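Before we start, here is the structure in question, set down as structure tokens.
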Amino acid sequence: TLACPMVSALDRWIIDSVQPAARRWFRQPVVEIRQISAYSCRGMNGQAGGRVSEHAFRNALDISSFTLADGGQNTG
């Protein structure tokens, strides 16, 4: 679950940055983005009692990998 402004920002990032970079470096588009964490009501860096993470406000997304059109994966 992501907040609406985050969904819009993610969409722009994919269109303006991810896809152009994939085409430039790998000569093919990204067809899948795998995420490992989105909404989670927790402290920053998992620290109990710390400042609340942006994940708790649905303003953060952790990406684990990108899959290219040929099936190759980049886990950066």
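The values are calculated or read from the model by the stated rules, or taken from the named source; none is laboratory data. Computed from a prediction, not measured in an experiment: that's the story for all the values here. Positions of Cβ are generated from backbone atoms using ideal geometry, with glycine treated the same way; all protein chains shown enter the neighbour counts. Only protein heavy atoms, including side chains, enter the accessible area calculation; ligands, DNA and RNA are left aside. Shrake-Rupley method; radii C 1.70, N 1.55, O 1.52, S 1.80 Å.
List every residue pair whose Cβ atoms sit under 6 Å apart, with the two residues 6 or more apart in sequence or on different chains, where the first one lies in the stretch 52-76 and is assigned to a strand (DSSP E or B) and the second, anywhere, is at pLDDT below 80.
Correct list of pairs: D62/S37; S65/Q73; S65/T75; F66/N74; T67/Q73.
Now for a different question. For residues that are open to solvent by less than 70 Å² (accessible area, probe 1.4 Å) and at pLDDT below 90, scanning just the stretch 1-47, find the one that is farthest from D70 (Cα to Cα).
G43
Cβ-Cβ distance below 7 Å, separation of 6 or more or different chains: which pairs start in the stretch 1-15 with a residue that is under 9 Å from N59 (Cα atoms) and free of Cβ contacts under 8 Å to residues at least 12 places away in the same chain and end on one that is in a helix (DSSP H, G or I) and open to solvent by less than 100 Å² (accessible area, probe 1.4 Å)?
Listed pairs, sorted by first residue: none to list.
Is the stretch 48-63 home to any residue that is modelled with pLDDT of 90 or more and of a type in the set (D, E)?
Taking every residue of the stretch 48-63 in turn, none turns out to be modelled with pLDDT of 90 or more and of a type in the set (D, E).
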